[in-house]
Amino acid sequence: MKDIVDTLRSIDASLQILANASSSDITTAFVSKKVVAARLGVPLVTVDKLIHQGIVSKGSSGLVEGRHYCRLDPTENNTSAFLFDLAKVLRDAWNSFNGYQNESQ
């Protein structure tokens, strides 16, 4: 059952990315931290670390509030209640690898 649920989440996230790609950078859906972690292939705590990195770096790296995620309640500090823009998270993660092949050669 867990595999089926994970597969359905992956399909749902993929459909959201496709919807965002065709809507000229307008976010059409947000996802949970769990879905973001699954799409990035990292543990949930890594998403928390990326949020912390965004705060410490003042938005120059990591996940940034207002760009990658939002809070439903401004006083909420539990990251499991945040909503993430999966398309922007994945696009910025991919862009962070620009030049990777050139550096490794």
With respect to Val89, determine if the residue is at pLDDT 90 or above, part of a helix (DSSP H, G or I) and of a type in the set (A, V, I, L, M). no
How many of the residues making up the stretch 29-80 are in contact with a strand residue (DSSP E or B) (Cβ under 8 Å, 6 or more places away or on another chain) and assigned to a loop (DSSP other than H, G, I, E, B)? 6
Filter pass, Lys58 being over 11 Å from the mean Cα position of the chain (by Cα) and not small (Gly, Ala, Ser): yes
What are the pairs, 6+ residues apart or on separate chains, where a residue within the stretch 35-47 that is closer than 13 Å to Ala87 by Cβ has its Cβ under 7 Å from a residue that is at pLDDT 90 or above? Val36/Val47; Val36/Phe84
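The values are calculated or read from the model by the stated rules, or taken from the named source; none is laboratory data. Being a predicted model, the structure only gives us computed values, none of them experimental. Cβ coordinates were reconstructed from backbone atoms using ideal geometry, including for glycine residues, and neighbour counts include every protein chain displayed.
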